[in-house]
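In what follows, a structure is listed as structure tokens, so that the remarks can point back to it.
The values are calculated or read from the model by the stated rules, or taken from the named source; none is laboratory data. The structure displayed is predicted, hence computed values, not measured ones. Positions of Cβ are backbone-derived with ideal geometry, glycine not excepted, and every protein chain shown enters the neighbour counts.
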Amino acid sequence: MIGRDAASIKSAYGFKAWLSFFVLTCSMILQSPIGQAQNSLAAALQQQSEFLPVREAYRLDGALTADGQLRLYWQIAEGYYLYQHMFKVRHADAPAPANLSISFPPALDKTDEFFGDVSVYYDEADLTAALPDDATRLTLAITYQGCADAGLCYPPETEHLLVDVVTSAVTPTTFEREPPGAASAPTSPNMTLLLALGLAFLGGLILNAMPCVFPILSLKVLSFATGDPGEHRRHGLAYLAGVVASFVLIASVLISLQSAGRWVGWGFQLQSTGFVIGLAYLFAVMGLSLSGLVLFGGRWMNLGAGLATAPGTRGSFFTGVLAVVVASPCTAPFMGSALGFALTQPAFEALAVFAALGIGMAAPMVAISMSDTARRWLPKPGAWMETLKQVMAFPLYLTAVWLLWVAGKQSGVDTMAAAAAGLVMLALGLTLLRGGATARIVGLICMVSAVMLGSVRGDATTSVGKGERDGIVAWSPERLQTLRAQGTPVFVDVTADWCITCLANEQAVLFTDDMSRAFEAAGVTYMVADWTNYDPEIGVFVREHGRNGIPLYVMYPGNLQAAPTILPQLLTANIVTEALASVSR
């Protein structure tokens with residue numbers, strides 16, 4: 001009992017209550033003789049039992065009224081009270097769970113140390129909730145929260161009632177939330193498969209301009225300026241095959257994971273620190289290749305710039321694969337709604353949307369490879385291309401540094417340092433492979449050590465999350481509901497350190513001084529859901545808003561009955577300012 005109640009107190013809003021309990025319990029134990037430790041523990045248990053378990057402090061009963069409404073009656077123990085603003089009745093088994101309308105009896109005004117000026121109920125709370133007109137049998141989730149006058153505040157509690165309107169029976173029940181991915185996410189009623197295909201195609205087109213993709217493709221495009229047009233067309237088609245095959249493969253893995261009950265979205269692979277470090281190594285090696293410090297033979301398919309000139313069509317195919325891999329941190333406009341719709345559809349339709357995304361991404365390259373006019377507009381090869389190669393190496397180095405930073409945010413600074421040392425060993429190993437037999441052996445040892453260093457994991461608790469910035473609140477479903485129940489509008493930013501679009505929006509718009517003042521003036525709480533590491537609750541939240549990737553920006557009015565507004569994935573100051581004006585108090 002002590003362990004259970006202590007956990008409840010610690011997770012509650014009243015830190016004073018937790019501290020008082022801790023000091024009281026410790027003092028009782030320390031003041032007792034060692035030989036009477038068992039009696040001391042019993043005394044501590046007796047003292048702790050002064051605070052009742054939550055369902056003993058608040059006993060819930062339900063019944064149907066003559067006019068078809070649900071009566072909810074709480075018998076409240078003496079010295080305890082319930083908050084009026086924390087009551088919530090939700091249709092738990094509906095496809096899109098919604099809060100039901102509640103009628104409240106008069107309440108007492110109270111100045112509370114946890115919520116300030118509030119309305120509360122002592123002794124009893126007798127509410128009525130309006131049931132849906134067409135309901136015959138439904139499961140309701142009843143949420144409430146209360147405190148004790150002695151200083152303990154319980155976290156929000158949820159009970160479930162099974163309501164049979166036909167027989168007028170209301171019985172307690174257990175309710176397990178449907179596993180993520182098992183139900184359809186809500187989507188726009190105007191979204192069709194044809195529209196989703198079109199949006200995915202446009203999103204794929206825009207992906208080519210993203211900073212994570214452009215350096216990889218620029219040199220490949222320039223290679224089309226000269227040579228046999230027929231060969232260029234074959235390379236363009238091979239590139240298309242590589243892009244589409246990669247997107248379909250990622251979609252297949254994503255759908256399989258969701259079917260297994262693990263809710264993941266676009267870029268899910270970047271939630272793995274090992275994948276992030278591997279991607280950093282890849283970018284660094286490509287940069288070394290462009291700088292001429294590491295040279296690969298044809299059998300390595302010349303990663304980086306060499307992919308543009310590899311013999312046959314294999315190089316072009318793997319250029320497409322590589323482009324998709326490096327595009328994974330990016331989410332282009334139109335992608336979010338299209339992919340969110342795709343994953344609510346059967347497998348064939350879902351894969352078709354991902355294929356359309358790949359076709360859109362490959363379209364510019366294929367068009368240039370097919371068009372003589374487009375190729376004539378390309379600059380002619382010359383010595384300047386060698387300079388361009390040298391310049392293009394540095395964005396790749398910077399990308400590798402950024403990915404190491406992401407790994408550090410995920411798994412701690414020790415992980416980042418070990419991976420950086422691994423990059424040095426990798427560069428040394430690749431350099432030594434060009435030497436004699438002894439040098440090649442040492443080079444292989446260096447490369448093995450690079451892999452081992454890349455697998456080192458530090459203490460993730462040393463990294464500082466975005467939710468710890470000044471003026472920003474870390475997201476949780478309970479905290480979001482509490483703020484809205486208090487009438488506070490909330491802006492939820494679902495982001496991740498590996499999401500380039502998220503970082504661009506934050507630096508250009510959301511984290512500026514002017515925007516911080518705008519949030520404060522509008523009385524809107526800024527809440528961050530950080531999805532850098534896998535979090536199933538955030539995955540469910542993203543899915544509930546009809547999206548399959550991030551960034552996701554949701555503006556909630558303070559009124560619980562008002563619908564939230566989903567903002568575009570690319571933000572401007574005007575977009576956010578208008579959203580703030582729509583909910584400002």
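Just to verify a result, which residue in the stretch 226-240, among those that are assigned to a loop (DSSP other than H, G, I, E, B) and not polar (S, T, N, Q), is modelled with the lowest pLDDT? Steps first, answer last, please.
Let us first name the residues in the stretch 226-240 that are assigned to a loop (DSSP other than H, G, I, E, B), namely 226-228.
Next, from what is left, pick out any that are not polar (S, T, N, Q): 227-228.
Details: 227: 67, 228: 74.
Checking each candidate, the answer is 227.
How many residues are of a type outside the set (Gly, Ala, Ser) and not in a helix (DSSP H, G or I) when one looks only at the stretch 411-428? Walk me through it before giving the result.
First, pick out the residues of the stretch 411-428 that are of a type outside the set (Gly, Ala, Ser): 413-416, 423-426, 428.
This time we only want the ones that are not in a helix (DSSP H, G or I), so: none.
Matching residues across the stretch 411-428 total 0.
Restricting the stretch 380-400 to residues that are part of a helix (DSSP H, G or I) and free of Cβ contacts under 8 Å to residues at least 40 places away in the same chain, which is nearest to residue 282 (Cα to Cα)?
Of the residues in the stretch 380-400, the ones part of a helix (DSSP H, G or I) are 384-400.
Remaining after also requiring free of Cβ contacts under 8 Å to residues at least 40 places away in the same chain: 384, 386-387, 391, 398.
Numbers: 384: 25, 386: 21, 387: 22, 391: 18, 398: 12 Å.
Only one residue fits best here, namely 398.
Could you tell me whether any residue of the stretch 550-568 is part of a strand (DSSP E or B), of a type outside the set (A, V, I, L, M, F, W, C) and either surrounded by fewer than 17 Cβ atoms within 10 Å (Cβ to Cβ) or in contact with a His (Cβ under 8 Å, 6 or more places away or on another chain) (or both)?
As a first pass, look at the stretch 550-568 and keep what is part of a strand (DSSP E or B): 552-556, 565-567.
After this cut, where a residue has to be of a type outside the set (A, V, I, L, M, F, W, C) as well, the list is 553, 556, 565.
From what's left, either surrounded by fewer than 17 Cβ atoms within 10 Å (Cβ to Cβ) or in contact with a His (Cβ under 8 Å, 6 or more places away or on another chain) (or both): 565.
Checking the stretch 550-568: at least one residue is part of a strand (DSSP E or B), of a type outside the set (A, V, I, L, M, F, W, C) and either surrounded by fewer than 17 Cβ atoms within 10 Å (Cβ to Cβ) or in contact with a His (Cβ under 8 Å, 6 or more places away or on another chain) (or both).
Conditions (1) modelled with pLDDT under 80; (2) in contact with an Asp or Glu (Cβ under 9 Å, 6 or more places away or on another chain), marked per residue:
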{"site": "150", "(1), (2)": "no, yes"}
{"site": "156", "(1), (2)": "no, yes"}
{"site": "159", "(1), (2)": "no, no"}
{"site": "162", "(1), (2)": "no, no"}
{"site": "177", "(1), (2)": "yes, no"}
{"site": "196", "(1), (2)": "no, yes"}
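Which condition does residue 161 not pass, out of (1) farther than 22 Å from residue 57 by Cα; (2) touching a residue at least 60 places away in the same chain (Cβ under 8 Å), if it passes all the others?
Status for residue 161: all satisfied but (1).
Name the single residue that is farthest from the chain's Cα centre (by Cα) among those in the stretch 124-137 being farther than 16 Å from residue 88 by Cα and either part of a strand (DSSP E or B) or at pLDDT 95 or above (or both).
If we filter the stretch 124-137 for residues that are farther than 16 Å from residue 88 by Cα, which is where we start, we get 124, 133-137.
Right, trim to either part of a strand (DSSP E or B) or at pLDDT 95 or above (or both) and you get 124, 137.
Numbers: 124: 40, 137: 34 Å.
Applying the filter and picking the extreme gives 124.
Under 8 Å between Cβ atoms, which residue pairs at least 6 apart in sequence (or on different chains) link something in the stretch 500-525 that is more than 18 Å from residue 554 (Cα to Cα) with a partner that is surrounded by fewer than 19 Cβ atoms within 10 Å (Cβ to Cβ) and of a type in the set (A, V, I, L, M, F, W, C)?
Within 8 Å, the pairs are 500/210; 512/573; 514/573.
Considering each of 41, 82, 108, 70 in turn, give the residue that is modelled with pLDDT under 90 and hydrophobic (A, V, I, L, M, F, W, C). Can you show your working first?
Working: 82 fails: modelled with pLDDT under 90; 108 fails: modelled with pLDDT under 90; 70 fails: modelled with pLDDT under 90.
After applying the criteria, what remains is 41.
Of all the residues that make up the stretch 431-471, how many are modelled with pLDDT under 80 and either of a type outside the set (Lys, Arg) or not in a helix (DSSP H, G or I) (or both)?
So in the stretch 431-471, the residues modelled with pLDDT under 80 come out as 434-435, 458-471.
In the following step, the residues that additionally are either of a type outside the set (Lys, Arg) or not in a helix (DSSP H, G or I) (or both) were identified as 434-435, 458-465, 467-471.
Counting residues in the stretch 431-471 that are modelled with pLDDT under 80 and either of a type outside the set (Lys, Arg) or not in a helix (DSSP H, G or I) (or both) gives 15.
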